[in-house]
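Below is one structure; the comments refer to it alone.
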Amino acid sequence: MPEEKPVIMINFKTYNESYGFRAHDIAEAAETVAEESGIEIVICPGFMDIHPMSNHYRLPVFAQHIDGISPGAHTGHILAEAVRAAGATGTLINHSERRLTLADISAAVDAAKRANLKTVVCTNNTATSGAAAALSPDYVAIEPPELIGSGISVATADPEIIENSVNAVKSVNKDVKVLAGAGISSGSCVKRAVELGSDGVLLASGVVKAEDPAVVLRDLVSKI
């Protein structure tokens, strides 16, 4: 069986550049590069853009968050089934900018599985990476908060946290994949993250804020 290629996940966050027509520019660039390279590129747009993105592009679309609730009286919450109906096929959970309690993470993972959504549980250190793996998400994404948006790559600034998180996750559940995030901005960063054992990367501003996202994306996939 051929070895799986690393995955590139782009978190659009809520930048000025990441909604409306600009979001479509990023998604179009991502789809073009995915088709050119054969690398899976996943986009995580804002909630308002999930439906149009899933209809206009062939890329996997993930939500940025869901709540661990069941259908019912939960005004203002994000229902996993509604996200799935809008066209998403997965979701981020517990991003450092949308931190949850352990109980809430567990409930969100359960809700996502109920709605047939893939799950990416974000963590900030080796211990939480191992704990997250016990919930059996599809991915654990290790992102040291101090490096997020810094332009300093975790793959070079803190390579041990990637290696240690991979080991912690695999010791708990060998089927859970690991993504590296925070400061990833070049093909060299992606290559190093994969060499350290990750199954791909989760990034945001390096692509979302780029003047030409396609140029950045081509560089990101160039060494894998």
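Quickly estimate the mean residue ellipticity at 222 nm for the chain, helices only: each DSSP H run with n ≥ 4 gives -39500 (n - 2.57), and the total goes over all residues, rounded to 500.
-12000 deg cm²/dmol
Which whole-number value in Å³ per residue fits the convex hull of the alpha carbons of the chain?
So the per-residue Cα hull volume is 116 Å³.
From the Cα gyration tensor of region 54-141, with a ≥ b ≥ c the square roots of its eigenvalues, which class applies: rounded if a/c is under 1.5, or else prolate if a/b is larger than b/c, or else oblate?
Taking the square roots of the gyration eigenvalues as a ≥ b ≥ c, region 54-141 is oblate.
Tally Lys/Arg at +1 and Asp/Glu at -1 over every other residue whose Cβ is under 14 Å from the Cβ of Gln64; what's the total?
0
In the structure displayed, which of Lys113/Lys209; Lys113/Lys223; Lys177/Lys223; Lys113/Lys174; Lys13/Lys113; Lys170/Lys209 lie more than 27 Å apart, Cα to Cα?
Lys113/Lys209; Lys113/Lys223; Lys170/Lys209
Ranking Thr89, Thr119 by Cβ neighbours within 10 Å, fewest first, what do you get?
Listing Thr89, Thr119 from fewest to most nearby Cβ atoms yields Thr89, Thr119.
Where a number appears in this text, it was derived from the coordinates with a stated rule and is not lab data. Just so it is clear, the structure is predicted and the values come from calculations on it, not from any experiment. Neighbour counts are summed over all protein chains in view; Cβ atoms, including those assigned to glycine, are modelled from backbone coordinates with ideal geometry.
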